[in-house]
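Report on the following structure.
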Amino acid sequence: MEYESQQMNMELKRMEYEHQIKLRELDLRNLELERPAAPAPSLLPHPLTLVRALVHLWGSAKTSAGW
């Protein structure tokens, strides 16, 4: 009888341990879901877009000035 009681206690402790592990895994998943996935997109245009626009304006100004 004593042996069966020890076995049941060990089984119960194992189940409690596994339950704690599952709770920790769920906590980690919840933390991952709360964290933003990616930074918010910038409202500014890409730097190359600005350079291209300036080159285009400079070329247009040269043409209209007759250079």
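No value in this document is a laboratory result; all are computed from the given coordinates. These numbers come from a predicted model, not from an experiment.
Side notes on the structure shown:
- Using θ = phi - 60° and Karplus 6.51 cos²θ - 1.76 cosθ + 1.60, couplings along segment 17-24 (whole Hz; Gly, Pro as x): 4, 4, 5, 4, 4, 5, 5, 5
- Sorted largest first, extent of segment 2-65 alpha carbons per principal axis (Å): 103, 14, 6
- The angle separating the long axis of helix 47-65 from the principal Cα axis of greatest extent in the chain is about 10 degrees.
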